[in-house]
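Down below is the structure, laid out as structure tokens.
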Amino acid sequence: MITVSHLKKYYQRPVRQEGFLGSVRTLFSTKYETTQAVDDISFHIDEGEVVGYIGPNGAGKSTSIKMLCGILVPTSGDIKVNGLTPHENRMENARQIGAVFGQKTQLWWDVPVIESLRLFRDIYKVSGAQYKHNLELFNDLLDLHEFQNTPVRQLSLGQRMRADMAAALLHNPRLLFLDEPMIGVDVVVKERLRTFIQQINHERKVTVLLTTHDMIDIEKVCSRIMIIDHGRIVYDGNADQMRNQYGKQRTLVVEFEEHVPDFETPHAKIVKSEGRKKWFAFNRFETSPSSLIAHISTSYPILDLAVEEPEIEAIVRTIYQGTAEVA
Amino acid sequence: MDSLRLYFKLIRIAFQARMQYRADFFTGIIGVITLNVVNLGLIGILVSRFNNLNGWTLWEMVFLYCLWILGHSIYSLFFWHIRALEDYLIQGTFDQFLLRPANPFILFIGREVQYLGLADATFGIAGFVLAYTNLGLHWDWVKWVFFGLAIVSGTLLETTINLLVACVAFWTGRSRRVGGLIMQLNSMIQHYPMDIFGTTFRVVVTGLIPVAFMNYYPALMLLDKTDRLGGWGWLSYMSPIVAILMVYLSARLWNFALQRYSSSGG
Amino acid sequence: MKIFWAFTRQAFHNSVVFRVEFWLRFLSIFLWMYTIQWVWRILYTQRPGAFGVSLEQMVTYGVLGMALETFMDVGPEWYISQQVRTGAIDTDLMKPLDFHLHMLARSTGEMLFSLGVLALPTFTVGFIFFGLQMPPTLEAGLLFAVSITLGFLVLFHLGFLLGTLVLATLDIRSIAWAYYSLISFFAGQMVPLWLFPPALRAVAEVLPFKSAYYIPSSIYIGAFTGQEALQAIGFQLVWVVILTLIARWAWSRMDARLVVQGG
Ligand SMILES: Nc1ncnc2c1ncn2[C@@H]1O[C@H](COP(=O)(O)OP(=O)(O)OP(=O)(O)O)[C@@H](O)[C@H]1O
Ligand SMILES: [Mg+2]
């Protein structure tokens, strides 16, 4: 469905010049700074896969998705989306993909949602029957009818995201690109959108590429993950390893009464120290927090504690380091 | 043809969006009318006190002003937001124009409308009718056709000049201030007949930033004053051609800018 | 006095002296000065010495009108309306400072800043290229200084009222633009009141707006001298007092409303 080989995107920015007529000089300046946003990545995605595309901020996720959409032209390398090169056949490609960029809506701000959808129907030349059928489906799965006559600016973030999702799928795209679609959405709506993505994937065989910073998204909907960091893919594989890591790793944050040196603890490792606080990483199947606390408190008096679930970045790091060690 | 259909649909939505702010509508109309009345009032006082301005009588000046405002009204109805292009670029909303299977320019142009143009149009028509009667004009069909062409050319010229300037934002990120300055030049032209100015100025507004073709030159033709140009009388017929030339130029720049946008990421 | 200076310095820091925009503003001022002086020159070829004013005086009047705008155009209306609508006005109200005085200090600061940075070069260019002349006598110069100060106070208070009474409650930019063009018209910024048709002139003569441009400029070019100049300044003074009173009253009402509604 998607084949990407040796894809690169380097951003070049003229070095901004301050001072009198600075921006005029910037216009003619020959000094550039280069950001290697995507730096030689290759992958292949099959029809029907749901791929989690994850990595820290600035890793190059949005940049890659924009290239897949044909908005950006690659610096070098090859992209084939369902046989098309996106930036060369931008319009044809646009018909077979749907995209949601969580940060900004693609709907008309001041008119009811349904008007935006009608317009998309015209832009994509969706047939009357298909439009009707899809609206019914979205009503079922997303409760679109609850707010379809409300202007977008009056929608809650969760409603807006549901509307955006509907807009992206109105023309039955073969592929769906979701760039942080869950941003700012509460737990209930998140759950709903996840179920929706799964259903769309199962019933219509839509291939999904999902960018997220939320571990649970990966756990629940992705069959495969790709981790990108500094423009390079550092992990590509089954999502199970990720799930296992997430399942077992926890962190105990302990604030001591006074400054203490690092010390050895069975089944746990100090991963971070800050003032009187220390972070102990442990595997929750090897040891329980209570025995860990009991052990620590025999050595030093404790002021406060908390158990943290790992953040996605931390897991990414462990996986990354793991593969790096193997390699 | 498809593009045109799409454009009308977009415009319909844009109007609907505008109508959400109905209170602004009336104050806006009042504001624009006042502005125009004051502008013309000043000219009116000057010309009536001194009889004429370099051979231009009161009603000829009104005609000149209204010819401009008629073209301008269409521009401000449909193309006003070209100057806001930089906002689309900065906020990243420009991306969605490239995400659709449709012409990005149509999508951009159809995104907004500005009802204030309606006030300009009303004012322009009223002023034109008064000027036409008071000047005792009796046009043949050639003049009427040229009049129509002149208005459309005026719209196109203002639109393309603004588009050319707005496209600079693809490189510098900002362009609106420069656009503002050019529109100052523009408003001087709307107020006063260009022949009162010095040669350098005339060359600039004819050849470099062709705002003089929006009303001054066609007005000379329509008012039978082409002899004021001496050997350059043919310039008064050139508005449509200059407009087409500008459309061509700005289309080239737009396409070039789009390429640059998609290779640089804006 | 220290607070005025503080605002001047702040305006300097916030300013965009080193930006393209700043230079574009100059260009647009010059363009207008260029236009105005051409218009008067052309008109005067038809009627030299029209209405008892020489061409040199008239060109000076026109160019001066443009040059004065560089530092007279610092009304507090946008600041006030923005603060009220965003609720940021609370921070202003918490300052141990009378709000009206605070705004006056702010606008004066900006005015002094513009005077140095924008007006000085503009006047210089006006003198060299656009036929702007010095006041004929020292007396005229001094009276002009007094008159322009009063004119500034009138404009400031009109802006203050516009901000508190209209813009704070409604976001109607277009009304503001209409207001500006009306002010410029009745203030005689481009065309002096003596050219107005009688009925219009009668109206313009009693309105406060002429304090901003017409009176100072007429004194500057020597059209108003002696008794007449003093009378005109008296007129300005009366309006400053009246407008100050209205502005303080309007603000006290606004203040009460803000306290009740919590901004
Ligand atoms: N238009 C641009 N011009 C120059 N540099 C850019 C541009 N867009 C992005 N970058 C840079 O390219 C890199 C990758 O950006 P990108 O937006 O792809 O990251 P991301 O993985 O989507 O991050 P996030 O998780 O924050 O959304 C960053 O260093 C960013 O600063
Ligand atoms: Mg991103």
- Note on the structure: Per the filter on the stretch A:280-296, residues without any contact (Cβ under 8 Å) to a residue 12 or more places away in the chain and either over 19 Å from A:Pro261 (Cα atoms) or surrounded by 12 or more Cβ atoms within 10 Å (Cβ to Cβ) (or both) are A:Ser288, A:Ser290, A:Ser291
- All conditions in (1) closer than 28 Å to A:Asn134 by Cα; (2) polar (S, T, N, Q); (3) exposed (fewer than 15 other Cβ atoms within 10 Å of the Cβ) are true of A:Asn244 except (1)
- Qualifying positions in the stretch B:233-243 - touching a residue at least 40 places away in the same chain (Cβ under 8 Å) and not hydroxyl-bearing (Ser, Thr, Tyr): B:Pro240, B:Val242, B:Ala243
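This table checks each residue for (1) over 17 Å from the mean Cα position of the chain (by Cα); (2) more than 24 Å from C:Ile80 (Cβ to Cβ).
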{"position": "C:Gly151", "(1), (2)": "no, no"}
{"position": "C:Val154", "(1), (2)": "no, no"}
{"position": "C:Leu165", "(1), (2)": "yes, no"}
{"position": "C:Met190", "(1), (2)": "no, yes"}
{"position": "C:Trp194", "(1), (2)": "yes, yes"}
{"position": "C:Ala199", "(1), (2)": "yes, yes"}
{"position": "C:Ile242", "(1), (2)": "yes, no"}
{"position": "C:Trp249", "(1), (2)": "yes, no"}
- Residue pairs meeting the criteria (Cβ under 9 Å; at least 6 apart or on separate chains; first more than 17 Å from C:Met33 (Cα to Cα), in the stretch C:107-121; second of a type in the set (Lys, Arg) and surrounded by fewer than 21 Cβ atoms within 10 Å (Cβ to Cβ)): C:Gly109/C:Arg9; C:Phe113/C:Arg9
- Item | Which listed residue, of B:Leu98, B:Leu116, B:Leu107, B:Leu77, is at pLDDT below 90 and not acidic (Asp, Glu) | B:Leu116
- Task: Could you grab me the full set of residues in the stretch A:64-92 that are among the basic types (Lys, Arg) and either outside the structural domain of A:Tyr53 (by TED's automatic domain parsing) or without any contact (Cβ under 8 Å) to a residue 24 or more places away in the chain (or both)?
- Result: A:Lys66, A:Arg90
- From the list A:Gly70, A:Gly83, which one is within 13 Å of chain B (Cβ to nearest Cβ) and more than 10 Å from ligand 1 (Cβ to nearest atom)? A:Gly70
- Note on the structure: Looking across the stretch A:38-50 at residues that are at negative phi and more than 15 Å from ligand 1 (Cβ to nearest atom), the single one that is surrounded by the most Cβ atoms within 10 Å (Cβ to Cβ) is A:Val50
- Query: Which residues, taken from the stretch A:37-67, are within 13 Å of chain B (Cβ to nearest Cβ) and either more than 15 Å from ligand 2 (Cβ to nearest atom) or in a loop (DSSP other than H, G, I, E, B) (or both)?
  - Reply: A:Gly60
- Query: Restricting to the stretch A:86-105, what's the tally of residues that are within 8 Å of another protein chain (Cβ to nearest Cβ), within 16 Å of ligand 2 (Cβ to nearest atom) and among the small types (Gly, Ala, Ser)?
  - Reply: 1
- Among helices (runs of 4 or more DSSP H) completely within the stretch C:192-261, the ones holding 2 or more residues that are modelled with pLDDT under 90 are C:226-261
- Find the helices (runs of 4 or more DSSP H) located wholly in the stretch B:108-192 whose residues include 2 or more that are among the hydrophobic types (A, V, I, L, M, F, W, C) and more than 14 Å from chain C (Cβ to nearest Cβ), and list them. B:116-134, B:141-167
- Task: Quick one: B:Met214 ticks every box in (1) crowded, with 17+ Cβ neighbours inside 10 Å; (2) within 12 Å of another protein chain (Cβ to nearest Cβ) except a single one, so which number is it?
- Result: (2)
- Taking the stretch A:165-182 as the search range and keeping residues that are within 14 Å of another protein chain (Cβ to nearest Cβ) and within 16 Å of ligand 2 (Cβ to nearest atom), which one is surrounded by the fewest Cβ atoms within 10 Å (Cβ to Cβ)? A:Glu180
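The values are calculated or read from the model by the stated rules, or taken from the named source; none is laboratory data. It should be emphasised that the depicted structure is a prediction, and the values quoted were computed from it without experimental measurement. All Cβ positions, glycine included, derive from the backbone under ideal geometry; neighbour counts span all protein chains shown.
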